[in-house]
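The values are calculated or read from the model by the stated rules, or taken from the named source; none is laboratory data. Owing to the predicted nature of the structure, the values given are computational and were not obtained by experimental measurement. A quick note on method: Cβ atoms are made from the backbone with ideal geometry, for glycine too, and the neighbour counts reach across all protein chains shown. These accessible areas exclude ligands, DNA and RNA; they are computed on the full protein's heavy atoms, side chains included. Shrake-Rupley method; radii C 1.70, N 1.55, O 1.52, S 1.80 Å.
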Amino acid sequence: MMIELIKCHGSGNDFLLIDEMDRDYGFTEERRAELAKQLCDRDSSLGADGILYILNSERADGRMRVFNSDGSEASMCGNGLRCAGRYICEKLGLEEIIVETMKADLQVKKEADIFPGIPTYLVGISPVSFQVRDLPLVIDQETLIQERLPQLNNELVFTAVAVPNPHLAAIVNDSQLDSGLQKELSEKVNGQNELFPDGVNVSFIKVLGKNQIYVRTFERGVGFTNACGTAMSASSLVTCLIGENQAEENISVFNNGGMVRCVVHKYEDSYKIDLIGNATYLYKASIDPENGSVMEKEEYSEQELYRKLQEHAQSVLNK
């Protein structure tokens, strides 16, 4: 039996999207993880950061499950949700939907183009929690908000937040960004360690100017990635907490894969973050699941327009 898929990306964070809404491939949990490791391998004929499995939902318009390239399942993925949301919207002929994810049912809706000709979708990132038990982070306090974490590093000031994926974020200077510090810390907290038993996404944030930031993320289960949607959302929130940016204002978030916009919404005792960016299709393909070989492949033309957005983003970063 052949598997039909679409190769897609959000901010260069790329995925293989497999539709199970109309077709039962009979995947077991073990097979889903095996396929992620097999097909996402960068040395294979496909390669990706993860697989988006699109399923029917009993309470929403569709359901998204995300398996990272190491076979682990992520509770959420903002860049992946834009791609999944676009697919479900177009499949159902809708411009606004609710998608079931592991920990929350989230809104996805079509937005005005973030850049000319770029299919753009907004996803609502929630719930947001600063409780360290929700990451989990094992320390003797309830939250870690703009504080040092001496068990990990004495130099940086961190914020730990679940959105709902766990994130550890720090605002850094150029020398810290250019050093190997992020790799060192990320590998430590995603290996055997006493602080983050389930691992954590680690983001370094550089403030570029008013309503402009750069974010680089070491993603749990993936490694350094072109972009991580929940990390860019969490990072935008962190900059609002320290007054560098403001809630209810557009924040342009630049990354190695391009750019997105984030808007932080503050309520009485909670936050929600809008993540707005591309959902770009690269190609659709039929593959032989036994060996992962591509039997048929049809290219889309959307990436050419996306490259113009990347050039714009790079010109901002070069200033």
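Looking only at residues that are modelled with pLDDT of 95 or more and loosely packed, with under 13 Cβ neighbours inside 10 Å in region 288-302, which one is nearest to Met1 (Cα to Cα)?
Restricting to residues being modelled with pLDDT of 95 or more and loosely packed, with under 13 Cβ neighbours inside 10 Å, the top hit is Glu298.
Looking only at residues that are in contact (Cβ under 8 Å) with a residue 40 or more places away in the chain and among the hydroxyl-bearing types (Ser, Thr, Tyr) in region 26-56, which one is least open to solvent (accessible area, probe 1.4 Å)?
Across region 26-56, the extreme among qualifying residues is Ser44.
Just one of the numbered conditions (1) touching a residue at least 12 places away in the same chain (Cβ under 8 Å); (2) over 26 Å from Asp41 (Cα atoms); (3) open to solvent by 40 Å² or more (accessible area, probe 1.4 Å) is not true of Arg220; which one?
(2)
I'd like to know if region 265-288 contains one or more residues that are of a type outside the set (Gly, Ala, Ser), closer than 20 Å to Thr230 by Cβ, out of contact with any helix residue (DSSP H, G or I) (no Cβ under 9 Å at 6 or more places or on another chain) and touching a residue at least 12 places away in the same chain (Cβ under 8 Å).
To start, the set of residues in region 265-288 that are of a type outside the set (Gly, Ala, Ser) comprises 265-269, 271-276, 278, 280-284, 287-288.
Still in the running and closer than 20 Å to Thr230 by Cβ: 265-267, 271-276, 278, 280.
Then drop every residue that is not out of contact with any helix residue (DSSP H, G or I) (no Cβ under 9 Å at 6 or more places or on another chain), which leaves 265, 267, 272.
Applying the additional criterion that residues be touching a residue at least 12 places away in the same chain (Cβ under 8 Å) yields 265, 272.
The answer is yes; a qualifying residue exists.
Kindly indicate the residue of region 267-286 that is more than 16 Å from Val123 (Cα to Cα) and modelled with pLDDT of 95 or more and also most open to solvent (accessible area, probe 1.4 Å) among those meeting that condition. Give the derivation first.
Kept after step one, since they are more than 16 Å from Val123 (Cα to Cα), are these residues of region 267-286: 267-270, 281-286.
Narrowing further to those that are modelled with pLDDT of 95 or more: 281-286.
Numbers: Tyr281: 10, Leu282: 37, Tyr283: 17, Lys284: 86, Ala285: 5, Ser286: 12 Å².
Once the filter is applied, the top-ranked residue is Lys284.
If we scan region 303-312, do we find a residue that is out of contact with any helix residue (DSSP H, G or I) (no Cβ under 7 Å at 6 or more places or on another chain), acidic (Asp, Glu) and either surrounded by 18 or more Cβ atoms within 10 Å (Cβ to Cβ) or in contact (Cβ under 8 Å) with a residue 60 or more places away in the chain (or both)? Working first, answer last.
Start the filter on region 303-312 by keeping residues that are out of contact with any helix residue (DSSP H, G or I) (no Cβ under 7 Å at 6 or more places or on another chain), which leaves 303-312.
After this cut, where a residue has to be acidic (Asp, Glu) as well, the list is 304, 311.
Next, only the ones that are either surrounded by 18 or more Cβ atoms within 10 Å (Cβ to Cβ) or in contact (Cβ under 8 Å) with a residue 60 or more places away in the chain (or both) stay: none.
So far as region 303-312 goes, no, none of its residues is out of contact with any helix residue (DSSP H, G or I) (no Cβ under 7 Å at 6 or more places or on another chain), acidic (Asp, Glu) and either surrounded by 18 or more Cβ atoms within 10 Å (Cβ to Cβ) or in contact (Cβ under 8 Å) with a residue 60 or more places away in the chain (or both).
Starting from region 135-146, take each residue that is open to solvent by 60 Å² or more (accessible area, probe 1.4 Å) and list its partners that are part of a loop (DSSP other than H, G, I, E, B), counting only C-beta distances under 7 angstrom and pairs at least six apart or across chains.
So the pair list comes out as Val138/Glu194; Val138/Leu195; Val138/Pro197; Ile145/Phe130; Gln146/Ile242.
Which residues, taken from region 8-22, are buried (at least 21 other Cβ atoms within 10 Å of the Cβ) and part of a strand (DSSP E or B)? Steps first, answer last, please.
The first filter runs over region 8-22 and keeps only residues buried (at least 21 other Cβ atoms within 10 Å of the Cβ), leaving 8-11, 13-18.
Cys8, His9, Gly10, Asn13, Asp14, Phe15, Leu16, Leu17, Ile18, listed by residue number.
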